[in-house]
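Structure first, then comments.
The values are calculated or read from the model by the stated rules, or taken from the named source; none is laboratory data. Remember, it's a predicted structure, so these values are computed and weren't measured experimentally. Virtual Cβ from ideal backbone geometry, glycine too; neighbours counted across all protein chains shown.
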């Protein structure tokens with residue numbers, strides 16, 4: 001199941017097109033200013049993916065808190081730390097954490113939490129870190145894996 005998710009994600013990642021103005025406006029409605037600035041540093045493909053995850057998460061968790069919706073948008077923000085492009089990310093996924101940058105890529109949940117700790121609600125941080133196992137975290141993972 002995870003391999004199917006990765007294959008779909010890879011095909012969806014070929015395009016580096018910019019999210020639409022409507023998508024960006026939706027993101028701005030959910031994130032605070034500092035979170036939005038961090039989100040804008042993500043690769044366009046990650047930005048588009050995060051909006052798709054938010055859409056699915058909203059369908060699954062219609063009563064989610066703003067902080068939980070922010071986690072849907074920021075769940076992959078830690079991937080920025082690795083500095084890997086598309087091809088390197090595919091290789092890192094296949095071979096594992098063989099060097100520092102690949103390790104950072106695989107450790108993106110923890111790194112994302114570190115980026116957010118000073119600017120986000122604690123609930124956002126714990127969800128991005130994958131530090132909780134509750135219904136909302138299960139729904140967020142499901143929204144990411146569709």
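Residue 105 fulfils the conditions (1) without any contact (Cβ under 8 Å) to a residue 24 or more places away in the chain; (2) under 13 Å from the mean Cα position of the chain (by Cα); (3) farther than 14 Å from residue 67 by Cβ except for a single criterion, (1). Would you confirm, using the coordinates I've provided, whether residue 37 is at pLDDT 95 or above and either touching a strand residue (DSSP E or B) at 6+ places or on another chain (Cβ under 6 Å) or over 20 Å from residue 136 (Cα atoms) (or both)? Yes: the conditions hold for residue 37. The set of residues in the stretch 18-53 being part of a helix (DSSP H, G or I) and in contact (Cβ under 8 Å) with a residue 60 or more places away in the chain consists of 34, 35, 38, 53. With respect to the conditions (1) over 19 Å from residue 145 (Cβ atoms); (2) modelled with pLDDT under 95, residue 89 lacks only one, and its number is (1).
Residue under question is residue 51, and the condition is that it be modelled with pLDDT of 95 or more and surrounded by 14 or more Cβ atoms within 10 Å (Cβ to Cβ); does it hold?
Values: modelled with pLDDT of 95 or more: yes; surrounded by 14 or more Cβ atoms within 10 Å (Cβ to Cβ): yes.
Yes; evaluated as a whole, the condition is true for this residue.
Only helices (runs of 4 or more DSSP H) whose full extent lies in the stretch 65-137 are considered here, and the ones with at least 2 residues that are touching a helix residue (DSSP H, G or I) at 6+ places or on another chain (Cβ under 6 Å) and buried (at least 21 other Cβ atoms within 10 Å of the Cβ) are 66-74, 108-116, 122-129.
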